[in-house]
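J.: Handing you this structure, nothing more for now.
The values are calculated or read from the model by the stated rules, or taken from the named source; none is laboratory data. Owing to the predicted nature of the structure, the values given are computational and were not obtained by experimental measurement. With ideal geometry, Cβ positions are generated from the backbone for all residues, glycine too; neighbour counts draw on all protein chains shown. All accessible areas refer to the heavy atoms of the entire protein, side chains included, with ligands and DNA or RNA removed. Shrake-Rupley method; radii C 1.70, N 1.55, O 1.52, S 1.80 Å.
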There are 2 protein chains.
Amino acid sequence: MVEKRTPIPIGEAVKKVMEFARKGETELISIDDSHGRFLAEDIKATHDVPHFDRSPYDGFAIRANDTKEASPTNPVELEVIDHIGAGMVSSKTVGPFQAVRIMTGAQMPNGSDAVVMLELAKEANKDGKKFISIKRPFKKGDNVSFRGEDAIEGQVLIKKGTKINPGIQAVLATFGYSKVPVAKKPVIGVFATGTELLEVDEPLKPGKIRNSNAHMIAAQIDRAGAEVRYLGKLHDDFETCFEAVRKAINEVDLLITTGGVSVGDYDYLPAIYEKLGAERLFNKVAMRPGSVTTVAQFGRKLLFGLSGNPSACYVGFELFARPIIKTMLFSEKPHLRKEKAILAADFPKANPFTRFVRSTLTIRDGKLVVSPSGLDKSNIVTSLATANSLTILPGGTRGYQRGTEVDVLMLEDETGSEWPW
Amino acid sequence: MVEKRTPIPIGEAVKKVMEFARKGETELISIDDSHGRFLAEDIKATHDVPHFDRSPYDGFAIRANDTKEASPTNPVELEVIDHIGAGMVSSKTVGPFQAVRIMTGAQMPNGSDAVVMLELAKEANKDGKKFISIKRPFKKGDNVSFRGEDAIEGQVLIKKGTKINPGIQAVLATFGYSKVPVAKKPVIGVFATGTELLEVDEPLKPGKIRNSNAHMIAAQIDRAGAEVRYLGKLHDDFETCFEAVRKAINEVDLLITTGGVSVGDYDYLPAIYEKLGAERLFNKVAMRPGSVTTVAQFGRKLLFGLSGNPSACYVGFELFARPIIKTMLFSEKPHLRKEKAILAADFPKANPFTRFVRSTLTIRDGKLVVSPSGLDKSNIVTSLATANSLTILPGGTRGYQRGTEVDVLMLEDETGSEWPW
């Protein structure tokens, strides 16, 4: 008997899964290891930046007032009373018609209120004293970086959930975050099912194929920012599978299996979920590929039964598992980023169900254009290699013409969408 | 005396650096570690995919010819003579009015040439034998994935220099690449100079700032795909700096210093390069920020003297050091990707030199728009945190109006440009 399954709309399926989304845990790690991780807390300025008035150039700290009358025909002469490098602080106070030689980044000496750049000051020695002459007037504050100009103490600079990039590393270092609060990487268990699967280093055999899904999913998990725990290949035997799943579920934050969710005679996952006492959220989604994607929850932990077809498996992960992982990483926009693009090629296939077409998104004259990245059968692995996006083609049409505006989900983006459906 | 330096155009500076670009080395690593690395060789199909004709669905393998007359009023009955799972091969040959039950991914049995999906076959038992009845005709090849449909043996599937993504992992696994030829990560040495620098875990002191550049550059190196070797902080003493640089140069593929390249009294780098006997490629570039960027070569190894200002340092790395690293990673497009975007805010500052404005690039209705990501002084660190791009504003203008089309360099993109200047 073939089991009858009722497909639910994609948006509804995502919503059912997201009811079990929860924030992850925080860990403190060294700043040296934090690039690419996700902030678990807002990052605040721990002091003003600059935390003193400073010179942005090499030059001379002066009193602007002294240069009021300066002009090419009436240069003003100032005595250089001290000489400080970056990191030094002058003990002297700049008085009338005095100046202090100052390096980029150095603190403004007392009394000074402007900086004359090196190129604009002519130096001279007279009677063992140093002087500069200046041929134009300066205003108070000229060439000074003021305290707090860049950031005020207590100000939130970066929101939690943000992926740490090089600029954020600079901010963390500036504010003394030698330890950085980041989201602990969720641990994602992966089982591959199917006796047809060979390991990558095994030679091909009649009727068999190599296990590509486990490696693909592992990379998808890594790309999403989580940690992979590959639990091995399950053979097509019910009791073995059941025990393996039951044991694994306690050791991971969520569990993914690839294959075994269809209605074939060796598709044990639905029965395993049932015996486990897990609540099935859905076992059919109105979409292609990935319609047999099955998700269950057991003690509020999610079990993802993804299709054994590479592309269906890929899409199922990105739509359903990724937002759960991203939520654990504190993202406020856990779903794939959705943008509009122009279809650059016809898609003549009739489209009874909403279709996620593996595609290549690019930019032409500042506009997004997208084309399918290869054949679009769900078993076609090579088109996944060049895909950087999924074009959403809503169902109920006879196909799509080149030039049509379509929605596209971006696969290699960290911005995300709040709710793309 | 202030040294007079002659600025050279950006494109010329990049060209001078790129004369010393060279391909990197190859190493074989486990497929389990290869996600995010760069392919050092073209990846070819090592066999046809599928490597046998197979069923993309659960159903029955049949001879299409037998169903010629089938209709709702005239169902055709076929005897089910075998039952095979994925990974199994039937030893039987499908004869006239016979069928073999077949699982998704299983090899087509001899004699069969089409697959009837499970939902379209009505099963029945008669006299201990199994039968199916079918109510519509099938054509030869219906629902069959043919050998070589996805890839032909020997075909180049992915070009070297490509960053390995999840789809590529699937391809590598499919073709048995348990060891993957990737570019060895170049080792990039980093020195920070400046006595004003405190370590990240030190409390603030008057006139001093924490060393943010080293952490920022380390993340930029990591983002570019290379390995960081942080060599520590150099103090403002010539002999110490010279010995440290001379020693380091033999241990790394390229050497970056931050700070010490200006014309200030403690800017030793130019003199160190000279004493070393290194050939200076340039010491001033007609751009803001980063005009003091100095690059030298010593035995064809590049020494990058980046500015001590965070933003100037950041830009100097991305324009000059990144393409050298990407070339070692076998990229054919080693430079930052350049695209056109619409300026979403006025940029009223007069612009005597070409300016690289830290900016946030986003998409509105399928079009790229860009705005400055904060204040644009070169010592402003927080605007780097939100920057995902650099807007190029060519020099010689009084500013730019909102709505103007501008060129933008994308910082978080792996596509790259061949030559963006």
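J.: Residue by residue through segment B:391-404, note down the ones that are surrounded by 12 or more Cβ atoms within 10 Å (Cβ to Cβ) and in contact (Cβ under 8 Å) with a residue 60 or more places away in the chain.
T.: Scanning segment B:391-404 gives B:G395, B:T404.
J.: I've got another one for you. Just give me the residues in segment A:74-121 being in contact (Cβ under 8 Å) with a residue 24 or more places away in the chain and of a type in the set (K, R), in sequence order.
T.: A:R101
J.: Shifting gears a bit: Please go through segment A:13-24 and pick out each residue that is open to solvent by less than 30 Å² (accessible area, probe 1.4 Å) and part of a helix (DSSP H, G or I).
T.: A:A13, A:V14, A:V17
J.: Would you confirm, using the coordinates I've provided, whether A:G260 is in contact with a Leu (Cβ under 7 Å, 6 or more places away or on another chain) and either assigned to a loop (DSSP other than H, G, I, E, B) or acidic (D, E) (or both)?
T.: yes
J.: Name the residue that is nearest to B:K205 (Cα to Cα), counting only residues in segment A:128-142 that are in a strand (DSSP E or B) and open to solvent by 50 Å² or more (accessible area, probe 1.4 Å).
T.: Top of the filtered list is A:K130.
J.: Right, next: Scanning for something closer than 30 Å to A:T240 by Cα, touching a residue at least 12 places away in the same chain (Cβ under 8 Å) and part of a strand (DSSP E or B), does segment A:154-168 turn up at least one residue?
T.: no
J.: Still on this structure, I have one more. Can you give me the number of residues within segment B:149-171 that are open to solvent by less than 10 Å² (accessible area, probe 1.4 Å) and more than 7 Å from every other protein chain (Cβ to nearest Cβ)?
T.: 1
To keep it simple, each residue is scored yes or no on (1) open to solvent by 10 Å² or more (accessible area, probe 1.4 Å); (2) touching a Lys or Arg at 6+ places or on another chain (Cβ under 6 Å); (3) among the polar types (S, T, N, Q); (4) not in a loop (DSSP other than H, G, I, E, B).
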residue: A:L281; (1), (2), (3), (4): yes, yes, no, yes
residue: A:V292; (1), (2), (3), (4): yes, no, no, no
residue: A:A296; (1), (2), (3), (4): no, yes, no, yes
residue: A:L303; (1), (2), (3), (4): no, no, no, yes
residue: A:A312; (1), (2), (3), (4): no, no, no, yes
residue: A:I325; (1), (2), (3), (4): no, no, no, yes
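J.: Also: Looking only at segment A:405-420, filter to residues that are closer than 13 Å to A:P323 by Cβ and exposed (fewer than 15 other Cβ atoms within 10 Å of the Cβ); which one of those is modelled with the lowest pLDDT?
T.: If we take residues in segment A:405-420 being closer than 13 Å to A:P323 by Cβ and exposed (fewer than 15 other Cβ atoms within 10 Å of the Cβ), then A:W419 is modelled with the lowest pLDDT.
J.: Still on this structure, please answer the following. Hey, any hits in segment A:255-264 for a residue that's away from chain B (no Cβ under 12 Å), closer than 27 Å to A:R5 by Cα and either surrounded by fewer than 21 Cβ atoms within 10 Å (Cβ to Cβ) or of a type outside the set (A, V, I, L, M, F, W, C) (or both)? Outline the logic, then answer.
T.: Going through segment A:255-264, the residues away from chain B (no Cβ under 12 Å) turn out to be A:255-257.
In the following step, the residues that additionally are closer than 27 Å to A:R5 by Cα were identified as A:255-257.
Right, trim to either surrounded by fewer than 21 Cβ atoms within 10 Å (Cβ to Cβ) or of a type outside the set (A, V, I, L, M, F, W, C) (or both) and you get A:257.
Scanning segment A:255-264 turns up at least one residue that is away from chain B (no Cβ under 12 Å), closer than 27 Å to A:R5 by Cα and either surrounded by fewer than 21 Cβ atoms within 10 Å (Cβ to Cβ) or of a type outside the set (A, V, I, L, M, F, W, C) (or both).
Conditions (1) in a loop (DSSP other than H, G, I, E, B); (2) within 14 Å of chain B (Cβ to nearest Cβ); (3) over 25 Å from B:D237 (Cβ atoms); (4) of a type in the set (D, E, K, R), marked per residue:
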residue: A:F60; (1), (2), (3), (4): no, yes, no, no
residue: A:H83; (1), (2), (3), (4): no, yes, no, no
residue: A:G87; (1), (2), (3), (4): yes, yes, no, no
residue: A:S90; (1), (2), (3), (4): yes, yes, no, no
residue: A:A99; (1), (2), (3), (4): no, no, yes, no
residue: A:T104; (1), (2), (3), (4): yes, yes, no, no
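J.: Do we have any residue at all in segment B:269-278 that's at pLDDT 95 or above, touching a strand residue (DSSP E or B) at 6+ places or on another chain (Cβ under 8 Å), outside any helix (DSSP H, G or I) and surrounded by fewer than 18 Cβ atoms within 10 Å (Cβ to Cβ)?
T.: Looking for residues that are at pLDDT 95 or above, touching a strand residue (DSSP E or B) at 6+ places or on another chain (Cβ under 8 Å), outside any helix (DSSP H, G or I) and surrounded by fewer than 18 Cβ atoms within 10 Å (Cβ to Cβ), one finds at least one in segment B:269-278, hence yes.
Yes/no per residue for (1) farther than 30 Å from B:R300 by Cα; (2) open to solvent by 60 Å² or more (accessible area, probe 1.4 Å); (3) under 22 Å from the mean Cα position of the chain (by Cα); (4) not acidic (D, E):
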{"site": "B:K4", "(1), (2), (3), (4)": "no, yes, no, yes"}
{"site": "B:G11", "(1), (2), (3), (4)": "no, no, no, yes"}
{"site": "B:T26", "(1), (2), (3), (4)": "no, yes, yes, yes"}
{"site": "B:I31", "(1), (2), (3), (4)": "yes, no, yes, yes"}
{"site": "B:A40", "(1), (2), (3), (4)": "no, no, yes, yes"}
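J.: Could you list, ordered by first residue, the pairs with Cβ atoms under 6 Å in which the first is in segment A:332-353 and within 12 Å of B:G366 (Cβ to Cβ) and the second is of a type in the set (S, T, Y) and surrounded by fewer than 17 Cβ atoms within 10 Å (Cβ to Cβ), at least 6 apart or interchain?
T.: Pairs that qualify, where the first residue is within 12 Å of B:G366 (Cβ to Cβ) and the partner is of a type in the set (S, T, Y) and surrounded by fewer than 17 Cβ atoms within 10 Å (Cβ to Cβ), are A:L343/A:T404.
J.: Please verify whether segment B:118-127 includes one or more residues that are more than 14 Å from chain A (Cβ to nearest Cβ), part of a loop (DSSP other than H, G, I, E, B) and at pLDDT below 95.
T.: Yes, segment B:118-127 has at least one match.
J.: Could you please give the count of residues in segment B:200-251 that are modelled with pLDDT of 90 or more, open to solvent by less than 50 Å² (accessible area, probe 1.4 Å) and in a loop (DSSP other than H, G, I, E, B)?
T.: Matching residues across segment B:200-251 total 6.
J.: Moving on. Scanning for something more than 14 Å from chain A (Cβ to nearest Cβ), surrounded by fewer than 20 Cβ atoms within 10 Å (Cβ to Cβ), of a type in the set (A, V, I, L, M, F, W, C) and not in a loop (DSSP other than H, G, I, E, B), does segment B:328-336 turn up at least one residue?
T.: Checked against the condition, which is being more than 14 Å from chain A (Cβ to nearest Cβ), surrounded by fewer than 20 Cβ atoms within 10 Å (Cβ to Cβ), of a type in the set (A, V, I, L, M, F, W, C) and not in a loop (DSSP other than H, G, I, E, B), segment B:328-336 yields no hits at all.
J.: OK, next. Taking the criterion of being under 29 Å from A:A45 (Cβ atoms), in contact with a strand residue (DSSP E or B) (Cβ under 6 Å, 6 or more places away or on another chain) and in a loop (DSSP other than H, G, I, E, B), would at least one residue in segment B:344-353 satisfy it?
T.: yes
J.: Quick one: in segment B:178-198, of everything that is more than 7 Å from every other protein chain (Cβ to nearest Cβ) and part of a loop (DSSP other than H, G, I, E, B), which residue is surrounded by the fewest Cβ atoms within 10 Å (Cβ to Cβ)?
T.: Applying the filter and picking the extreme gives B:K184.
J.: For segment B:337-362, enumerate the residues that are crowded, with 21+ Cβ neighbours inside 10 Å and more than 26 Å from B:G260 (Cα to Cα). If you could, list the steps in order and put the result at the bottom.
T.: Step one: filter segment B:337-362 for residues crowded, with 21+ Cβ neighbours inside 10 Å, giving B:339, B:341, B:343, B:347, B:355-359, B:361.
Residues satisfying the conditions are B:E339, B:A341, B:L343, B:F347, B:S359, B:L361.
J.: On to the next question. Answer yes or no: is there a residue in segment B:371-385 that is outside any loop (DSSP other than H, G, I, E, B), facing chain A (nearest Cβ under 9 Å) and of a type in the set (S, T, N, Q).
T.: yes
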